[in-house]
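I have placed the structure first, in the form of structure tokens, so that the comments after it can refer back to it.
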Amino acid sequence: MSEANKKTEVIEKGYGRAIVSDKVRSHANDPFFVKKVEEAKEFMRKHPLPEHLKK
């Protein structure tokens, strides 16, 4: 498939001018992101949302 066909296919899927690739690695287990998620969870435990903002 040529590059022009890929761009047309992506536009038809509704991604605009973005190019979608299967070669992008997941950051789910990246130590930097795991640390940030844990920090965010700890912050939310210490500072919960008010009841009227919870759904």
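The values are calculated or read from the model by the stated rules, or taken from the named source; none is laboratory data. Being a predicted model, the structure only gives us computed values, none of them experimental. Counting neighbours? That spans all protein chains shown, and the Cβs are built from the backbone with ideal geometry, glycine included. All accessible areas refer to the heavy atoms of the entire protein, side chains included, with ligands and DNA or RNA removed. Shrake-Rupley method; radii C 1.70, N 1.55, O 1.52, S 1.80 Å.
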| query | From the set of residues in region 1-18 that are in a loop (DSSP other than H, G, I, E, B), open to solvent by 70 Å² or more (accessible area, probe 1.4 Å) and of a type outside the set (F, W, Y), which is modelled with the lowest pLDDT? | reply | M1
| message | Looking at the structure I just gave you, is S21 loosely packed, with under 10 Cβ neighbours inside 10 Å, of a type in the set (S, T, N, Q), at pLDDT below 80 and within 18 Å of the chain's Cα centre (by Cα)? | response | yes
